[in-house]
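The values are calculated or read from the model by the stated rules, or taken from the named source; none is laboratory data. Remember, it's a predicted structure, so these values are computed and weren't measured experimentally. All Cβ positions, even for glycine, are placed from backbone atoms using ideal geometry, and neighbour counts span all protein chains on display. To get the accessible areas, we keep the full protein, side chains included, count just its heavy atoms, and leave off ligands, DNA and RNA. Shrake-Rupley method; radii C 1.70, N 1.55, O 1.52, S 1.80 Å.
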Amino acid sequence: MTPALELAVARQIGEFELDVAFTLESGMSVLFGPSGAGKSLTLALIAGLIRPDVGTIAINGHVVTDCARRTYVTAQKRRIGMVFQDGLLLPHRSALDNVALAVRQASGRRERRAVARSWLERVGAVEFADRRPGSLSGGQRQRVALARGLAGDPALLLLDEPLSALDSEVRHELRKLIRGMIISSRVPAVLVTHDAEEAEELGDVIVAYNHGRVTGTRVVERPEGRGAPPGAPESTGQV
Amino acid sequence: MTGLVPRSWLNGLGIPPWVWSPLSVSLHAAFEATIVVALVGSALGFLLAKGRFPGRDAIETVCSLPMALPPTVVGWYLLTQMGGPGPIRDAEVRLFGHPLTFTFNGIVIAQIIESFPYCLRFSRTAIAGVDPRFEEVGRAMGLSRWRTTLLVTLPLARRGLVAGVAMAFGRALGDFGATMIVGASVPMATTVPIALYNAVFYGSHEQAKVLALVQLAVAFAILLGVSRLGKLRPW
């Protein structure tokens, strides 16, 4: 089976040096480690927002970065979905439009909005589809951001500390939702976190980071099997 | 204005020619100058904010010189370059059949030069102030660079862009020094500030009072309207 992600890259930024290599299968992989360990930088390299100094990155077997061969697929052609810590929804567009912008598989505006609406339904956010991000709570914004990340039929979903700015109750609810969506959509995902509990609850594989290096990789054992998340995804629409 | 509203109506409303004629020239010239400035100034502001090429600061400094120079100095350079012997005057003659000094187009050019730095600086600052992470989101969503600019960067920078255009329009509408030197006070190039100057110079204080009030009211109304545009939902 082709790995979801194969990565071996190095990048120097000022005094900080990232030098990591790992291979991830489908399901949810978690990059876990303290702040400043290089986890988010790794996501930016995978997304194509930053270029590595040396190395290669392949997504589902397709090489998107190969510094030696000067291969570099631009960010917009990588079919990556991203969810950021503070959502980063476009403030001048409604929740629905934010998601519709990410829909790659439909060409017409009406079709894109229909796809977007279906994703908002799946994450329990359809009731505030017409609202702007400024009027949504943190949890609601992250639901929309998750819908946006998945709506473009991505080859890989990247989640950069998507729950760290939320309070504990909302965080638990969204963990269930994220885990459920990853399983049901079958989109391989890489999540960055410095929260050990979150890593355990969400990850199938945990990649430990420290000082720009991978210090260990561990498969998370789940008594109920990989396919069943702890607590079925149950979106209520209210966070 | 007289192109849109028949003169007989203006006369019927009791607005005398010595008001509507310079007002028409002022609005028309400022409008044309602002269109050019908005397009070129915003585009150059975008390039300066986003581009990584040598000489960016030099370009901004040169384009901003009219802000630091007295308008009469700008007017003098325009007069000598546009009206004096040289390649610029030759090009004007080839294109228009005559030099542009003391013409309506001449004052439009003077107003473009005078108002350009305001639009340029506002747009550069507004575009540079957009959180680059939003643009990264756009690229990660699969938007091309062009669509990211159109759908993400420009809407987020819209308040600064609109403010720059408003400032440019206000500067063009209120210019006196450069316009006076390039256009003198030939009728088709007499703006409200020049008409006001003439009224004061010839002792027509009542006319001066009315023209000052008209300029004040028009500037206030237009700038207020343009400011409100920046608060509207973007495209």
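Output the residues belonging to segment A:68-92 that are without any contact (Cβ under 8 Å) to a residue 40 or more places away in the chain and open to solvent by 10 Å² or more (accessible area, probe 1.4 Å).
Correct list: A:Ala68, A:Arg69, A:Arg70, A:Thr71, A:Tyr72, A:Val73, A:Thr74, A:Gln76, A:Lys77.
Please work out which residue is farthest from the other protein chains (Cβ to nearest Cβ), limiting yourself to segment A:51-64 and to residues that are of a type in the set (Val, Ile, Thr) and within 21 Å of A:Gly152 (Cα to Cα).
A:Val63
One residue is enough: does segment B:25-37 have a residue meeting the conditions of a type in the set (A, V, I, L, M, F, W, C) and farther than 16 Å from B:Phe104 by Cβ?
Yes, because at least one residue in segment B:25-37 is of a type in the set (A, V, I, L, M, F, W, C) and farther than 16 Å from B:Phe104 by Cβ.
What pairs come up if the first residue lies in segment B:192-214 and is under 22 Å from B:Arg171 (Cβ atoms) and touching a residue at least 40 places away in the same chain (Cβ under 8 Å), the second is open to solvent by 50 Å² or more (accessible area, probe 1.4 Å) and acidic (Asp, Glu), and their beta carbons are under 8 Å apart, counting only those six or more places apart or on different chains?
Correct list of pairs: empty, since none qualify.
Go through segment A:52-108 and give me each residue that's in a loop (DSSP other than H, G, I, E, B) and basic (Lys, Arg).
A:Arg69, A:Arg70, A:Arg78, A:Arg79, A:Arg93, A:Arg104, listed by residue number.
What residue, among those in segment B:132-144 that are at the interface with chain A (Cβ under 8 Å from one of its Cβ atoms) and open to solvent by 10 Å² or more (accessible area, probe 1.4 Å), is nearest to B:Arg158 (Cα to Cα)?
Top of the filtered list is B:Phe134.
Could you run through segment B:145-170 and say how many residues are within 30 Å of B:Gln215 (Cβ to Cβ) and either among the charged types (D, E, K, R) or facing another protein chain (nearest Cβ under 9 Å) (or both)?
Of the residues in segment B:145-170, 2 are within 30 Å of B:Gln215 (Cβ to Cβ) and either among the charged types (D, E, K, R) or facing another protein chain (nearest Cβ under 9 Å) (or both).
Looking only at segment A:108-128, count how many residues are within 21 Å of the chain's Cα centre (by Cα), within 9 Å of A:Leu96 (Cα to Cα) and open to solvent by less than 10 Å² (accessible area, probe 1.4 Å).
Number satisfying all stated conditions: 2.
Considering only segment A:33-50, how many residues are open to solvent by 60 Å² or more (accessible area, probe 1.4 Å) and touching a residue at least 24 places away in the same chain (Cβ under 8 Å)?
Going through segment A:33-50 one residue at a time, the tally reaches 2.
Restricting to segment B:182-222, give me the number of residues that are assigned to a helix (DSSP H, G or I) and crowded, with 23+ Cβ neighbours inside 10 Å.
Summing the residues that are assigned to a helix (DSSP H, G or I) and crowded, with 23+ Cβ neighbours inside 10 Å in segment B:182-222 gives 7.
Out of all the residues in segment B:32-51, is one or more hydroxyl-bearing (Ser, Thr, Tyr), under 19 Å from B:Tyr118 (Cα atoms) and either modelled with pLDDT under 90 or open to solvent by less than 60 Å² (accessible area, probe 1.4 Å) (or both)?
yes
Which of the residues spanning segment B:82-124 are touching a Pro at 6+ places or on another chain (Cβ under 8 Å), open to solvent by 20 Å² or more (accessible area, probe 1.4 Å) and closer than 15 Å to B:Gly170 by Cα?
Of everything in segment B:82-124, those that are touching a Pro at 6+ places or on another chain (Cβ under 8 Å), open to solvent by 20 Å² or more (accessible area, probe 1.4 Å) and closer than 15 Å to B:Gly170 by Cα turn out to be B:Ile113, B:Phe116.
Looking only at segment A:80-127, which residues are among the aromatic types (Phe, Trp, Tyr) and either more than 14 Å from chain B (Cβ to nearest Cβ) or in contact with a strand residue (DSSP E or B) (Cβ under 6 Å, 6 or more places away or on another chain) (or both)?
A:Phe84
Among (1) closer than 26 Å to B:Glu135 by Cβ; (2) more than 14 Å from chain B (Cβ to nearest Cβ); (3) of a type in the set (A, V, I, L, M), there is one condition A:Val73 misses while meeting the rest; what is its number?
The number of the failed condition is (2).
Select from segment A:156-171 the residues that are open to solvent by less than 10 Å² (accessible area, probe 1.4 Å) and outside any strand (DSSP E or B) and write down the one among them that is farthest from A:Leu24 (Cα to Cα).
A:Leu163
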